[in-house]
Amino acid sequence: MKKVSIKFANSTTDLYLAYGISHLKEITEQASTVLITDENVFNAHSKRFKGWNTIILKSGEEFKVQATVDALIEKLIEMEADRKTILVGVGGGVITDITGYVASVYMRGIRFGFIPTSVLALVDASIGGKNGIDVGIYKNMVGTIHQPAFILHDMVFLNSLPQAEWENGFAEIIKHACIRDAAMFAELESKSLKHYQSRQKSICELVQRNALIKIKVVQKDEFEKGERRLLNFGHTLGHALENQYELSHGQAISIGMTYACHISEQLTGFRQTERVVNLLQKYNLPAYAAFNKQKVFDVLKMDKKREKKEMNYVLLEKIGKGVMKSISLKQLEKILQYL
Ligand code: GLY
């Protein structure tokens, strides 16, 4: 058990590592706390919610929309939640996003915390303060940047995590290693998903180290003016693919990372695409896919990283060193057509 305080521009997030949800009572007063979770997490861990005010949402990315936000806000009004209320999202990325977003706007902002229950939420979604919802096919189109008051890690939730969700989370783990940590990339090459799934100590350590990569990047650039954009490695094409095709987030960004490696070959002289592709495939992630390039480009153009006719694209110089490059939409369209 370890507590680390992470300083951001206007706030501090307390990170409780290897803590256990049973310690939540020491962090937040039960009477003024509302836990927000989804059906899957609640059904698998109902006894852990005993004694807590809990709102249970439907599970799935399709519910990360304004209608869910409206319903949740109505429920909070019904429960007479006020400015002293603290919302705690117990779940994967959809739950952390919705909880953070609702808490940021309810009564113009109340406190919130997260207990991430998936690998993806542990290393990515719970960190960084960006919380939002999807609008049609556009991912995270509406949202806020507000840091949670705390994040509590309890690995027990991984016991009920479906295989596909492990793979989903490892896509983000590999992404962090690609942009910042060559040694972690090599460790992932030497191990396997099975290794991490069967050794609590290994997954716990990997999750903590990987989460710290993201925390450090966000601390340096909370409002995404520069370095934080590196975290979008694989996401520009990935997001464009994700909602048009039946792909999980991990699968979509995995394909996005492969294409970003190929674009890097042309623009930064990157020479390690094969290692990245092999690692993705080792963790059951797809590297390539047939897709309608024009259709995907038309969605990609709307990406939040576009600035007029230029797209800020994250590329690799080498494994462990991500870089930002501005590519004109014209050039990007051309490169994509020929990949
Ligand atoms: N909540 C995810 C992020 O801020 O990147």
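The values are calculated or read from the model by the stated rules, or taken from the named source; none is laboratory data. Only a predicted model underlies this, so the values are computations on that prediction, with no experimental measurement involved. All Cβ positions, glycine included, derive from the backbone under ideal geometry; neighbour counts span all protein chains shown.
Some notes on this structure:
- Per-region count, the range 130-142, residues buried (at least 20 other Cβ atoms within 10 Å of the Cβ) and at pLDDT 95 or above: 3
- Residue in the range 188-200 that is closer than 22 Å to Ala287 by Cα, of a type in the set (Asp, Glu), touching a residue at least 60 places away in the same chain (Cβ under 8 Å) and buried (at least 17 other Cβ atoms within 10 Å of the Cβ) present: no
- Test: Cys204 is in a helix (DSSP H, G or I) and buried (at least 23 other Cβ atoms within 10 Å of the Cβ): no
- Pair list, Cβ < 6 Å and 6+ apart or interchain, from the range 1-23 residues that are exposed (fewer than 12 other Cβ atoms within 10 Å of the Cβ) to residues that are not in a strand (DSSP E or B): Met1/Ala18; Met1/Tyr19; Ala9/Glu222
- Index of the failed condition, Glu62 passing every other in (1) touching a residue at least 24 places away in the same chain (Cβ under 8 Å); (2) not in a loop (DSSP other than H, G, I, E, B): (1)
- Unmet requirement for Leu87, which otherwise passes all of (1) in contact (Cβ under 8 Å) with a residue 60 or more places away in the chain; (2) farther than 18 Å from Leu122 by Cβ; (3) surrounded by 19 or more Cβ atoms within 10 Å (Cβ to Cβ): (1)
- Against the conditions (1) at pLDDT 95 or above; (2) in a helix (DSSP H, G or I); (3) under 21 Å from the mean Cα position of the chain (by Cα), Val299 satisfies every one except (1).
- Gly92 vs. criteria farther than 26 Å from Val156 by Cα, touching a helix residue (DSSP H, G or I) at 6+ places or on another chain (Cβ under 9 Å) and of a type outside the set (D, E, K, R): no
- Single unsatisfied condition, Ile73 versus (1) touching a strand residue (DSSP E or B) at 6+ places or on another chain (Cβ under 8 Å); (2) surrounded by fewer than 17 Cβ atoms within 10 Å (Cβ to Cβ): (1)
- Residues that are within 16 Å of the ligand (Cβ to nearest atom), farther than 14 Å from Gly129 by Cα and either modelled with pLDDT of 95 or more or not in a helix (DSSP H, G or I) (or both), drawn from the range 207-228: Val207, Asn210, Leu212, Ile213, Lys225, Gly226
- Lone unmet requirement of (1) closer than 25 Å to Val218 by Cβ; (2) in contact (Cβ under 8 Å) with a residue 60 or more places away in the chain; (3) not acidic (Asp, Glu) for Asn40: (1)
- The strands (runs of 3 or more DSSP E) found wholly in the range 68-180 and carrying at least 1 residues that are within 16 Å of the ligand (Cβ to nearest atom) and closer than 30 Å to Lys295 by Cα occupy 130-135, 138-145.
- The residues of the range 1-50 that are among the aliphatic types (A, V, I, L, M), touching a Ser or Thr at 6+ places or on another chain (Cβ under 7 Å) and closer than 21 Å to Val156 by Cα, listed by number, are Val34, Leu35, Ile36, Val41, Ala44.
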